[in-house]
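Step one of this worksheet: look at the structure below.
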């Protein structure tokens, strides 16, 4: 079987990264555990195909598309999904210089930002999953995928724009916001891609009803690999801050976190880990 080996610089917390992706996997769309990840994707040259990734030692992953090597256009997307180009030595040394994070950095060397294969999908699934539990979001997103596509793929913005009001449930204002974003994406009114800067992406998405700073920040982290975003209003992050006896209000943790720049996104990952440990 032909395969593609993608190397990264140690340390690489591959198990933690795949555990995050699998823990947020959409039912019947994504599958995995702390050592592998699999899903159907749309590609430019292979159409709909199965992407599989599994760890290979401490500094690499093996990736295949339908059991073959990855096409060239997919390699950077997979590297971004797994944050393989991060300079973990520099990031870890910087964050460990704060005694409050030193133990977490030592326990989780090479922590990586979970990325995304498709920025439009990431925006829509983030909006659908807001204000409900991770388990609930996985179930709801899986139901939407089954009802709107049914092939094992996450529905496109066009599918959600055309039929979203038939399947989206919840408060009317929230449904309208999700459907409105799908309409904007499908019509081209909202153009987002991974070539945008964080500022450009943030400006574009915040202009739409129903999208706030948390959604814009999380999208930039996942889809652009933005390294310096702290989701200061995130309740799990604030719980982690409290456990480390750090300031645990949005304003206070945002001020304290200035010392973690330019790697506040990674500091946030550590606070999430602490909260969930």
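The values are calculated or read from the model by the stated rules, or taken from the named source; none is laboratory data. Because the structure is predicted, anything quoted here is derived from the model rather than measured. Using ideal geometry, Cβ is built from the backbone for each residue, glycine included, and neighbour counts are taken over all protein chains shown.
Got a sec? Which of 215, 227 is under 18 Å from the mean Cα position of the chain (by Cα) and either surrounded by fewer than 18 Cβ atoms within 10 Å (Cβ to Cβ) or within 17 Å of residue 86 (Cα to Cα) (or both)? Show your work before the answer.
Working: 215 fails: either surrounded by fewer than 18 Cβ atoms within 10 Å (Cβ to Cβ) or within 17 Å of residue 86 (Cα to Cα) (or both).
Exactly one of 215, 227 is under 18 Å from the mean Cα position of the chain (by Cα) and either surrounded by fewer than 18 Cβ atoms within 10 Å (Cβ to Cβ) or within 17 Å of residue 86 (Cα to Cα) (or both), namely 227.
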message = Suppose we filter 180, 170 for residues that are at pLDDT 95 or above and either out of contact with any helix residue (DSSP H, G or I) (no Cβ under 7 Å at 6 or more places or on another chain) or not assigned by TED's automatic domain parsing to the domain that holds residue 123 (or both); which single one remains?
response = 180
request  = Could you grab me the full set of residues in the range 165-208 that are within 24 Å of residue 136 (Cα to Cα) and surrounded by fewer than 12 Cβ atoms within 10 Å (Cβ to Cβ)?
outcome  = 166, 169, 171, 172, 173
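Looking at the range 87-97, which of its residues are touching a helix residue (DSSP H, G or I) at 6+ places or on another chain (Cβ under 8 Å) and either touching a residue at least 40 places away in the same chain (Cβ under 8 Å) or surrounded by 21 or more Cβ atoms within 10 Å (Cβ to Cβ) (or both)?
Of all residues in the range 87-97, those touching a helix residue (DSSP H, G or I) at 6+ places or on another chain (Cβ under 8 Å) come to 91-92, 94-96.
Of everything in the range 87-97, those that are touching a helix residue (DSSP H, G or I) at 6+ places or on another chain (Cβ under 8 Å) and either touching a residue at least 40 places away in the same chain (Cβ under 8 Å) or surrounded by 21 or more Cβ atoms within 10 Å (Cβ to Cβ) (or both) turn out to be 91, 92, 94, 95.
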ask   = Only one residue in 39, 19, 79 is touching a residue at least 12 places away in the same chain (Cβ under 8 Å), under 23 Å from residue 137 (Cβ atoms) and not in a strand (DSSP E or B). Which one?
value = 19
ask   = Where residues in the range 50-76 are without any contact (Cβ under 8 Å) to a residue 40 or more places away in the chain and in a loop (DSSP other than H, G, I, E, B), which of them is surrounded by the most Cβ atoms within 10 Å (Cβ to Cβ)?
value = 71
